[in-house]
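Since every read-out is calculated from the coordinates, none of them should be taken as a lab result. The structure presented is a predicted model; accordingly, all values stated were derived computationally and were not measured. Glycine gets a Cβ as well: all are built from the backbone with ideal geometry, and neighbour counts include every protein chain shown.
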Amino acid sequence: MSEVAAAIAAIQGAITRAEADSGRVAGSTTLVAVSKTHDAPVIRPFLQAGLRVFGENRVQEAKGKWPQLQAEFPGIELHLIGPLQTNKVRDAVALFDVIETIDRPKLARALADEIQRSGKAPRCLIQVNIGREPQKAGVDPDQTQVLVDLCRREYDLPISGLMCIPPAEGDPVPHFRHLAALAQAAGLAEVSMGMSGDFPQAIACGATHVRVGSALFGNRQYHQ
Ligand SMILES: *Cc1c(COP(=O)(O)O)cnc(C)c1O
């Protein structure tokens, strides 16, 4: 088995175990391979090994490598997992299949307008600042339902789930539980949470999407 195939199998195995341990349906968690900072030649073997769901955190960086990869490999689902400025909305809608980081009405409105204009409709998730950290993006947990309702009623922007990045320090489990509860209360099916260090716990708490970077690709040259 190649190194890449082994890395994928290790993560998929851990996902399957976490699903079984928590009584979840096998295959109910999607692995989002976070390829940020890695160039196309590093990503290509993961596509050749069969992965199709990837995450990037910068529109500009993704624009530089993914159109070519999308042309080479059919069926890619590309997730935007980093902050989105309204002036990048056009590029983001053109490139991404899922936008996980809606966190304010102005952005929701700009996305709704661009979806209307382009006829291309990525799936949309709302990012929740689950630890209420001042330096982090995301809507306040208490404002989540308000933003979901606004997107649905005012902007006709369908929201399919919630996403969070818990505080780097401390136990993420209470935050994972909180996000899952917010999603359930809002009637949202998708819950994106869990990274290389904590994805099994996130699955136990109900994650439908785990975003795994360094455990698949190795350490990044720079952190963002
Ligand atoms: C980089 C990143 C990840 C992946 O982090 P790892 O610890 O490398 O698995 C997940 N989610 C977001 C939003 C990220 O920016």
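Among the residues of the range 198-215, count how many are near the ligand (Cβ under 8 Å from one of its atoms) and either surrounded by fewer than 21 Cβ atoms within 10 Å (Cβ to Cβ) or β-branched (Val, Ile, Thr) (or both).
So the count comes out to 3.
Could you list, in sequence order, all residues of the range 182-197 that are surrounded by fewer than 17 Cβ atoms within 10 Å (Cβ to Cβ), over 24 Å from residue 26 (Cβ atoms) and of a type in the set (A, V, I, L, M)? Walk me through how you get there before you give the answer.
Our first condition is that a residue be surrounded by fewer than 17 Cβ atoms within 10 Å (Cβ to Cβ); within the range 182-197, this holds for 184-185, 187, 189, 196-197.
Those left that are additionally over 24 Å from residue 26 (Cβ atoms): 185, 187.
Once the filter is applied, which keeps residues that are surrounded by fewer than 17 Cβ atoms within 10 Å (Cβ to Cβ), over 24 Å from residue 26 (Cβ atoms) and of a type in the set (A, V, I, L, M), the range 182-197 yields only 185.
Given the conditions (1) surrounded by 16 or more Cβ atoms within 10 Å (Cβ to Cβ); (2) within 16 Å of the ligand (Cβ to nearest atom); (3) of a type in the set (A, V, I, L, M, F, W, C), and given that residue 69 satisfies all but one, which numbered condition is not satisfied?
With respect to (1) surrounded by 16 or more Cβ atoms within 10 Å (Cβ to Cβ); (2) within 16 Å of the ligand (Cβ to nearest atom); (3) of a type in the set (A, V, I, L, M, F, W, C), residue 69 is out only on (2).
Could you list all residues from the range 123-138 that are among the hydrophobic types (A, V, I, L, M, F, W, C) and either touching a His at 6+ places or on another chain (Cβ under 8 Å) or crowded, with 21+ Cβ neighbours inside 10 Å (or both)?
124, 125, 126, 128, 130
Six or more apart or on different chains, Cβ atoms under 7 Å: show the pairs whose first residue is in the range 145-163 and within 16 Å of residue 97 (Cα to Cα) and whose second is within 16 Å of the ligand (Cβ to nearest atom) and part of a helix (DSSP H, G or I).
Cβ pairs passing all conditions: 162/179.
If I ask for residues that are out of contact with any strand residue (DSSP E or B) (no Cβ under 6 Å at 6 or more places or on another chain) and free of Cβ contacts under 8 Å to residues at least 40 places away in the same chain, which ones from the range 164-175 would you list? Before you say what the answer is, go through the steps one by one.
At the first step, the residues of the range 164-175 found to be out of contact with any strand residue (DSSP E or B) (no Cβ under 6 Å at 6 or more places or on another chain) are 165-175.
Passing the criteria: 165, 166, 167, 168, 169, 170, 171, 172, 173, 174.
With in a loop (DSSP other than H, G, I, E, B) and either touching a Lys or Arg at 6+ places or on another chain (Cβ under 9 Å) or more than 18 Å from residue 102 (Cα to Cα) (or both) as the only criterion, which of 174, 200, 167 stands out?
Every option except 167 fails the conditions.
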